[in-house]
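Trainee: I have a structure here, written as structure tokens, and I will follow up with some questions on it.
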Amino acid sequence: MTQPEVSPNVQSDGSGVLAGQIALVTGASSGIGRAIAIGLAQAGADVVVNYVANEDEASEVVRVVEAIGRRGLAVRADVGQEAQVQEMFGRTDDVFGRLDILVNNAGLQRDASFTDMTLADWDTVLRVNLTGQFLCSREAMRRFKTQERRPQVSRAAGKIICVSSVHEKIAWAGHANYAASKGGVLMMMQSLAQEAAPFGIRVNSIAPGAIRTPINREAWETDEAYAELMKLVPYGRIGEPEDIAAAAVWLASDASDYVVATTLFVDGGMTNYPAFAHGG
Ligand code: NAD
């Protein structure tokens, strides 16, 4: 494969590195997805803001994207439903004409002890967290492989960023469905990355640790819960959605052009075996 020229959009101050690119972020009406959508817009991208339920929150994210000076589009779709995913990507084609960046962020939890976990709890989490990433990645790949390459905008033909979790690595009693879905994301991401790289397409994951969002409110809302959480975080603070957005901008940009099939842990050291800090 002939190497495209270095993109002129990699600037020393990090601004505008995604200028002229179209991004789609799933589950972007709240939490990490919201911050990623805004972060990508601040870096110069136009953004499709996917949501499944809360249209008002999604419209508000679009307003923020537009206030930054980028184009935004809210599209309702359940990422676990093939027809809805295909419609969403079709809408993106119609409005923006192409796609450069997919962020597979949508996810949920249905926690229960193993013996109390219903098949519905299991199916719902696998359907959204893993099948949803498959369906969206497949649509993105089809476009990345066929659309015109623009090496002056980005060296890669397309970028997929899967939002995984430290629980692709750390077992989690009471959350077997969630941990299994994120373990599945690891192998899906690496297998897809292997297949995609020869086409100049980069696929990577971000594995967040404890991030302050609605999904884990009970883990940070009270002082007692926060103190308990900090026993697992050597860096001594909870992560903010913007910590993940910064990683997503980097993984989407040419600054990470040689990064393929990697999981970037953004977790304040949570996966660095904090229990071993004092003996062990
Ligand atoms: P969140 O609940 O704010 O965000 C999840 C988003 O996904 C919501 O907007 C929700 O509406 C959307 N969603 C759920 N089902 C959907 C579906 N079927 N189709 C489309 N969208 C759907 O929580 P968050 O913490 O921002 O989570 C974002 C991602 O980060 C998830 O994949 C989660 O597993 C991952 N994550 C979060 C943390 C954390 O500590 N917050 C840690 C590790 C990984």
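The values are calculated or read from the model by the stated rules, or taken from the named source; none is laboratory data. Only a predicted model underlies this, so the values are computations on that prediction, with no experimental measurement involved. No Cβ is skipped: glycine too gets one built from the backbone with ideal geometry, and neighbour counts run over all protein chains shown. Quick note on the areas: whole protein, heavy atoms, side chains included, nothing else; ligands and nucleic acids left out. Shrake-Rupley method; radii C 1.70, N 1.55, O 1.52, S 1.80 Å.
Trainee: Report, by chain and number, residues whose modeled amide H sits under 5 Å from the one on Asp267, excluding near sequence neighbours (fewer than 5 apart, same chain).
Mentor: Under 5 Å from the amide H of Asp267 lie the amide H atoms of Gly209, each far enough along the sequence or on another chain.
Trainee: Rounded to the nearest 10 degrees, what's the angle between the helix 176-196 long axis and the longest principal axis of the chain, both from Cα atoms, 0 to 90?
Mentor: That helix lies at roughly 30 degrees to the long axis.
Trainee: Considering the chain as a Gaussian network with a 10 Å cut-off on Cα pairs, which listed residue, Gly72, Gly132, Gly236, attains the greatest mean-square fluctuation?
Mentor: Highest fluctuation among the options: Gly236.
Trainee: Identify all lysines with a Cα-Cα distance to Lys231 below 29 Å; exclude those on the same chain that are fewer than 8 residues away in sequence.
Mentor: Cα-Cα hits under 29 Å: Lys169, Lys182.
Trainee: To the nearest 500 deg cm²/dmol, what mean residue ellipticity at 222 nm is calculated for the chain from DSSP H runs of n ≥ 4 alone, each contributing -39,500 (n - 2.57), summed and divided by the residues? Walk me through the numbers before you get to the answer.
Mentor: On the way: 8 runs with 105 residues, N = 280.
Here the helix-only value at 222 nm equals -12000 deg cm²/dmol.
Trainee: Still on this structure, please answer the following. Which distance in Å, rounded to a whole number, links the C-alpha centroids of the stretch 216-280 and the stretch 12-85?
Mentor: After rounding, the separation between the Cα centres reads 22 Å.
Trainee: Okay, moving on. As I understand it, the dipole of the chain uses +1 on the Cβ of Lys and Arg and -1 on the Cβ of Asp and Glu, about the Cα centre. Which of Asn216, Gly44, Tyr226 lies farthest toward its positive end?
Mentor: Gly44
Trainee: For the stretch 113-123, just list the computed ³J(HN,Hα) in residue order, Karplus coefficients 6.51, -1.76 and 1.60, θ = phi - 60°, integers in Hz, with x standing in for Gly and Pro.
Mentor: 4, 4, 6, 8, 6, 7, 4, 5, 4, 5, 4
Trainee: Expected output is a single nm value to one decimal: the length gained when fully extending between Glu228 and Thr146, i.e. 0.36 nm times separation in residues minus the C-alpha distance. What is it?
Mentor: Extra length available between Glu228 and Thr146 comes to 24.6 nm.
Trainee: Can you give me the angle between helix 82-96 and the longest principal axis of the chain, using Cα atoms only, in degrees from 0 to 90, rounded to the nearest 10?
Mentor: 40 degrees
Trainee: At a threshold of 8 angstrom on Cα-Cα distance, excluding pairs fewer than six apart, so keeping six or more, what relative contact order does the chain reach in percent?
Mentor: Working: 570 pairs, mean separation 55.4, N = 280.
So the answer I get is 20 percent.
Trainee: Additional query: When all protein chains stay in place, what accessible area (Å², nearest 10, 1.4 Å probe) is found for Phe114?
Mentor: 150 Å²
Trainee: Going from most exposed to least, what order do Met88, Met187, Met230 have by accessible area with a 1.4 Å probe?
Mentor: Details: Met88 0, Met187 105, Met230 35 Å².
Final ranking, largest accessible area leading: Met187, Met230, Met88.
Trainee: First compute the accessible area of the stretch 22-268 with a 1.4 Å probe, then give the percent of it belonging to carbon and sulfur atoms. Present the calculation step by step, with values, prior to reporting the outcome.
Mentor: Numbers: 5600 of 10640 Å².
Carbon and sulfur: 53 percent of the exposed surface of the stretch 22-268.
Trainee: If you line up the long axis of helix 132-146 against the longest principal axis of the chain, both from Cα atoms, how many degrees apart are they, to the nearest 10?
Mentor: Long axis of 132-146 versus the principal axis of the chain: about 20 degrees.
Trainee: For a quick size check, give me the Cα extents of the chain along its three principal axes, largest first, whole Å.
Mentor: Principal extents (Cα only, largest first): 51, 41, 38 Å.
Trainee: With every protein chain kept in place and ligands, DNA and RNA left out, what is the accessible area per residue of the chain? Probe 1.4 Å, answer in Å².
Mentor: Details: 13010 Å² over 280 residues.
Heavy-atom SASA per residue in the chain reads 46 Å².
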